[in-house]
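Since the structure comes first, as structure tokens, the remarks are kept for the end.
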Amino acid sequence: MNLGVLVSFEGIEGSGKTTQAELLYHDLKTKGVPVVLFRDPGSTEVGERIRAILLDPKVKISPWCELFLYLAARSELVRSAIIPSLKEKKVVILDRFCDSTFAYQAFGRGLPSRRVSVINKIATRAIKPNLTILVDIEPTKGLKRITHPHDRIEAEDRAYHQKVREGYLRLARRARKRIKVLDGDKPKEELHLEVKGFVYPLLREKGYRL
Ligand SMILES: Nc1ncnc2c1ncn2[C@@H]1O[C@H](COP(=O)(O)OP(=O)(O)O)[C@@H](O)[C@H]1O
Ligand SMILES: [Mg+2]
């Protein structure tokens with residue numbers, strides 16, 4: 001049912017996901033391509049409230065509860081925003097999506113991947129990105145870029161972030177066609193060119209004029 005195109009950005013804290021998602025969004029908007037940008041969790045009223053709970057460093061959350069909170073927010077985002085946008089033939093850019101759950105909750109927290117996969121499919125209505133840009137960076141470098149007080153996830157220890165990074169890279173090896181790995185250490189502008197190098201051919205193939 002993917003009438004539009006779904007492009008997700010993934011990566012650990014401070015890798016540059018939001019920067020690249022926004023650069024792509026503005027570029028496509030300038031070119032007259034119908035495009036929307038959502039963040040997951042978030043971008044719906046309930047999703048933003050769930051996000052605030054998830055990122056609050058004062059709240060203690062056990063791994064399964066954390067999983068369900070992320071997926072509750074995702075379920076709302078998929079049904080109320082992503083699917084309607086795809087039906088309107090829009091390019092949907094996502095600042096995080098399902099791969100985050102495998103990297104953070106399965107690889108990071110140790111929850112069983114198969115179960116995570118089953119519940120994730122319910123939350124996403126089995127929608128998958130056409131293309132995923134994984135911005136890879138060494139955890140210490142990524143965390144150093146963050147200037148605000150650390151949220152609940154950013155405050156996790158280095159070993160956790162390392163597991164998440166390795167989880168992402170493992171996902172990328174399993175899905176080479178969909179997931180493209182970029183070196184987050186490169187300058188923003190250079191990465192933006194690389195992102196466009198993957199996105200433009202996909203959009204042309206899907207009939208968008210660029
Ligand atoms: N390629 C880059 N090189 C250096 N700094 C970057 C790069 N990309 C982003 N940044 C900076 O690093 C910080 C985190 O970037 P951000 O895009 O918010 O990361 P994320 O969304 O992955 O956590 C921001 O201050 C941003 O300006
Ligand atoms: Mg971000």
Exercise for review: Output the residues belonging to region 27-48 that are farther than 30 Å from Pro201 by Cβ and among the β-branched types (Val, Ile, Thr).
Suggested key: Thr44, Val46
**Study point:** Output for region 103-120, where each listed residue is among the hydroxyl-bearing types (Ser, Thr, Tyr) and either crowded, with 20+ Cβ neighbours inside 10 Å or modelled with pLDDT under 95 (or both)
**Key:** Tyr104
Check your understanding: For region 147-158, does any single residue satisfy the condition of being over 18 Å from the mean Cα position of the chain (by Cα), closer than 24 Å to Ala52 by Cα and more than 16 Å from ligand 2 (Cβ to nearest atom)?
Key -> yes
Check your understanding: Looking at region 63-82, which of its residues are in contact with a helix residue (DSSP H, G or I) (Cβ under 6 Å, 6 or more places away or on another chain) and farther than 14 Å from Ser43 by Cβ?
Key -> Leu67, Leu69, Leu71
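Aromatic (Phe, Trp, Tyr) and more than 14 Å from ligand 2 (Cβ to nearest atom): which single residue out of Phe38, Phe68 fits that description? Give the derivation first.
Working: Phe38 fails: more than 14 Å from ligand 2 (Cβ to nearest atom).
Going through Phe38, Phe68 in turn, the sole match is Phe68.
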Practice item. Look through Arg74, Arg51 and report the one residue that is buried (at least 22 other Cβ atoms within 10 Å of the Cβ), farther than 18 Å from Leu203 by Cα and under 19 Å from the mean Cα position of the chain (by Cα). Key: Arg74
Review point. Which residues, taken from region 7-24, are of a type in the set (Val, Ile, Thr) and crowded, with 23+ Cβ neighbours inside 10 Å?
Key: Val7, Ile12
Check your understanding: Restricting attention to region 79-91, and to residues there that are closer than 17 Å to Arg49 by Cβ and in contact (Cβ under 8 Å) with a residue 40 or more places away in the chain, which single residue is surrounded by the fewest Cβ atoms within 10 Å (Cβ to Cβ)?
Key -> Arg79
Practice item. Could you please let me know if Ser100 is crowded, with 22+ Cβ neighbours inside 10 Å and of a type outside the set (A, V, I, L, M, F, W, C)? Key: yes
Check your understanding: How about region 185-201: which of its residues are surrounded by fewer than 16 Cβ atoms within 10 Å (Cβ to Cβ) and within 16 Å of ligand 2 (Cβ to nearest atom)?
Key -> Lys188
**Study point:** Matching helices (runs of 4 or more DSSP H) fully within region 1-111 where at least 2 residues are within 16 Å of ligand 1 (Cβ to nearest atom)
**Key:** 17-30, 45-55, 98-101
**Study point:** Pair list, Cβ < 6 Å and 6+ apart or interchain, from region 144-156 residues that are surrounded by 16 or more Cβ atoms within 10 Å (Cβ to Cβ) to residues that are modelled with pLDDT of 95 or more and not in a loop (DSSP other than H, G, I, E, B)
**Key:** Asp151/Leu55; Arg152/Leu55
Study note, to complete from the structure: The residue that is modelled with the lowest pLDDT, considering only those in region 1-35 that are away from ligand 2 (no atom under 12 Å from the Cβ) and under 18 Å from Asn120 (Cβ atoms), is Met1
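The values are calculated or read from the model by the stated rules, or taken from the named source; none is laboratory data. Quick caveat: nothing in here was measured; it's all calculated off a predicted structure. Cβ sites come from the backbone with ideal geometry, for glycine too, and all protein chains shown count toward neighbours.
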